[in-house]
Structure formats: C-alpha cells, structure tokens
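Reading through the structure tokens given below for one structure.
The values are calculated or read from the model by the stated rules, or taken from the named source; none is laboratory data. All of these numbers come straight from a predicted model, not from anything done at the bench. As a convention, Cβ positions derive from the backbone with ideal geometry for all residues, glycine included, and neighbour counts pool all protein chains shown. Just so you know, the surface numbers come from the protein's heavy atoms only, side chains and all, with ligands and any DNA or RNA stripped out. Shrake-Rupley method; radii C 1.70, N 1.55, O 1.52, S 1.80 Å.
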Amino acid sequence: MGQVPQATYLLIGNGRLAGHMSHYFHLEKIPHQRWHRQSRTPIEAALADASHILVLISDDAIEPFVRQHATGHGKTWVHCSGSLDTDLAIGAHPLMTFAPGHYDLETYRRIPFVCDREGPSFSELFPKLTNPCFSIDRRKKALYHALCVMGGNFSTLLWKKVTDTFAGELDLPPEILHPYMERTLENIKVHDAPLTGPLARRDMGTIRKNLRALSDNPFEKVYRAFVASMDIELENEILEKREASR
Ligand SMILES: NC(=O)c1ccc[n+]([C@@H]2O[C@H](COP(=O)([O-])OP(=O)(O)OC[C@H]3O[C@@H](n4cnc5c(N)ncnc54)[C@H](OP(=O)(O)O)[C@@H]3O)[C@@H](O)[C@H]2O)c1
C-alpha cells in the first residue's frame, strides 16, 4: 500500500498568531516553513514546496492574499479567522487569545479549534495535533465571533478600566482585584446563575448611585447598556416613556 504523503506546512504572516502557531508546531516537532512580507524568499518559492498554507494575516487581507496567490492546484489553504466566511480557504479558528510571546505546550494542546463544517476536518488538516475540535456552519460564524469578542475582549476592556482606575485615581494596588477576578471566572464556569451584585438584586438605589459616580465617564453608557440588556428600566427612562405616550 502507498503511504499518504505528509503535509508540508507554510505559515504566512509575522503577527501574534503566526508566532504562536510556529512555536506550537516547533514544540510538537511539526516541520514547517514561514513567510511574511519582510522575508527575502519570494512568495512563489515559499509556496512551491507547501501542501498546506496557513494564512495567518489580518482578516481583511486574507481573501485578497489567497485570490492573488492560489494559482496552482492541489494545495490546501487554511485561515484562522473566527468571523471570515469564504470559499477561498478553510476556516480553523483557535478559540483562544494570543498575546505577544509564547505559551507552553499544554496550553496550546488545550485550545479548541472551531472549523468550517463544509471543509476537511481538523484531524485531516493537522493529523499530528490532538486539540479538541468542533465544526460550525459558516453562516453562523458572524454570531460565533461576536460572542467570542463580547466574552473575551469586552471583559478585558472592563477589567482594564477597573485596574487602571484602582492604580490611578483610587491609589489602590490593582493586584488586590485578582481574587475577585479569579472567583468571578470560576463562578461563571460552574454556576448556572453566576451574577451577583446590584443588577442581580435589581437594587435600583445602588444602580443609580453607581451611575452618578460614573457621570462624565464613557463607561456610564456601558453601565446603562448592561442595565438595559437585563430589561431593567431606570426611573428616568420610565418617565421619558410616560411623557412620550401622553
Ligand atoms: N491574536 C489573536 O488572539 C487571534 C485569535 C484567534 C484568531 N486570530 C486570527 O489570526 C489571524 C492573524 O491575527 P493576528 O492577531 O496574528 O494579527 P496581527 O498580530 O495584527 O498580525 C497581522 C499580520 O498580518 C500581516 N498582513 C496584513 N496584511 C497583509 C498582506 N496584505 N499580506 C501579507 N501579510 C499581511 C501583517 O504583516 P506585517 O507585519 O508585514 O504588517 C502581520 O504580520 C487573523 O485572521 C485573526 O482573526 C487571532
């Protein structure tokens, strides 16, 4: 019986994900080449030897890049965007945040990959990787990604605002927030109803006090949006509605 030819990987890009994927492949001893815009090797030469091309560049640049360079046949083009819905490359989204620097092997192995249902499976694309993998209808990727952004990026923005204000205006060490941060995440993981505090209690007095403390601050609008998302009506909004209906 003939042997199945091994995939030869080319990683395109020089940003955060390209650095992490290259390090993960290195830790798993998966041979791969890299190419980015600063490389001396022409892209045509880099592509010639590759069977699987991972386009790890900014979302907006992925389709134009593949359109321009996918001239030959028999190559598998993969992208890692969580929101892009395209026929030009197969989506395999690592459900993780990639900061500058590297992670350890166990961290990389635990990252779930969410792949386009329409394409080859994760194990066909990466037979040597053992990550948990899932598939999704490409038409649902916009929603999937909006949820990832809310969960990961919005909570980061909120915590960054809190830690910066502790360190600045309140003159408190931001590290004292760590037990609260950690318990909040633990509670989200294990409880069906993890929310505590004035919004959970619908404590209007405290909510109004919080909003007054945030007046002249862009986060006042954020606080109001969260209140509205829970269908809590603030007094002035009830009054405005009454006025409008007169
Ligand atoms: N970072 C994360 O946490 C994360 C998580 C999951 C998925 N992803 C996905 O990973 C992909 C890359 O994101 P990233 O965070 O690594 O971005 P990044 O750090 O901002 O890096 C973007 C890279 O894209 C390159 N690039 C942009 N336009 C290009 C073009 N026309 N031709 C060639 N290269 C081009 C840039 O090249 P130059 O250096 O030459 O400017 C840079 O190396 C995206 O699809 C993103 O959705 C990222």
Original post:
So which residues in the range 73-85 are open to solvent by 30 Å² or more (accessible area, probe 1.4 Å) and farther than 19 Å from Arg34 by Cα, if there are any at all?
Top reply: His73, Gly74, Ser83, Asp85
Subject >> Options Glu243, Glu220, Glu237: the member that is assigned to a helix (DSSP H, G or I) and in contact with a Leu (Cβ under 6 Å, 6 or more places away or on another chain) >> reply: Glu220
Original post:
Do the conditions hold for Ala61, that is, is it away from the ligand (no atom under 13 Å from the Cβ), surrounded by fewer than 16 Cβ atoms within 10 Å (Cβ to Cβ) and part of a helix (DSSP H, G or I)?
Top reply: no
**OP:** Kindly list, by first and then second residue, each pair from a residue in the range 60-77 that is on the phi > 0 side of the Ramachandran plot to a residue that is more than 10 Å from the ligand (Cβ to nearest atom) and open to solvent by 70 Å² or more (accessible area, probe 1.4 Å), limited to pairs with Cβ atoms under 7 Å and residues at least 6 apart or on different chains.
**Re:** none
Original post:
How many residues, within the range 112-137, are surrounded by fewer than 17 Cβ atoms within 10 Å (Cβ to Cβ) and in a loop (DSSP other than H, G, I, E, B)?
Top reply: 10
**OP:** Kindly indicate whether Ala70 is more than 13 Å from the ligand (Cβ to nearest atom), among the hydrophobic types (A, V, I, L, M, F, W, C), open to solvent by less than 60 Å² (accessible area, probe 1.4 Å) and modelled with pLDDT under 95.
**Re:** yes
**OP:** Could you grab me the full set of residues in the range 27-45 that are in contact (Cβ under 8 Å) with a residue 24 or more places away in the chain and either of a type in the set (S, T, N, Q) or crowded, with 19+ Cβ neighbours inside 10 Å (or both)?
**Re:** Gln33, Arg34, Trp35, Gln38
Subject >> Selection from the range 46-56 of residues that are free of Cβ contacts under 8 Å to residues at least 60 places away in the same chain and either under 14 Å from Ala18 (Cα atoms) or open to solvent by less than 50 Å² (accessible area, probe 1.4 Å) (or both) >> reply: Ala46, Leu47, Ala50, Ser51, Ile53, Leu54, Val55, Leu56
**OP:** Check the range 85-108 and report whether any residue there is near the ligand (Cβ under 8 Å from one of its atoms), modelled with pLDDT under 95 and over 15 Å from Leu125 (Cα atoms).
**Re:** yes
**OP:** Run Thr97 past the list (1) surrounded by 12 or more Cβ atoms within 10 Å (Cβ to Cβ); (2) of a type in the set (Val, Ile, Thr); (3) out of contact with any strand residue (DSSP E or B) (no Cβ under 9 Å at 6 or more places or on another chain) and report the number of the one that doesn't hold.
**Re:** (1)
**OP:** Within the range 223-235, track down each residue that is open to solvent by 50 Å² or more (accessible area, probe 1.4 Å) and in contact with a helix residue (DSSP H, G or I) (Cβ under 9 Å, 6 or more places away or on another chain).
**Re:** Arg224, Phe226, Ala228, Met230, Glu233, Glu235
Original post:
For the range 10-20, how many residues meet the condition of being open to solvent by less than 20 Å² (accessible area, probe 1.4 Å), without any contact (Cβ under 8 Å) to a residue 60 or more places away in the chain and farther than 18 Å from Pro42 by Cβ?
Top reply: 1
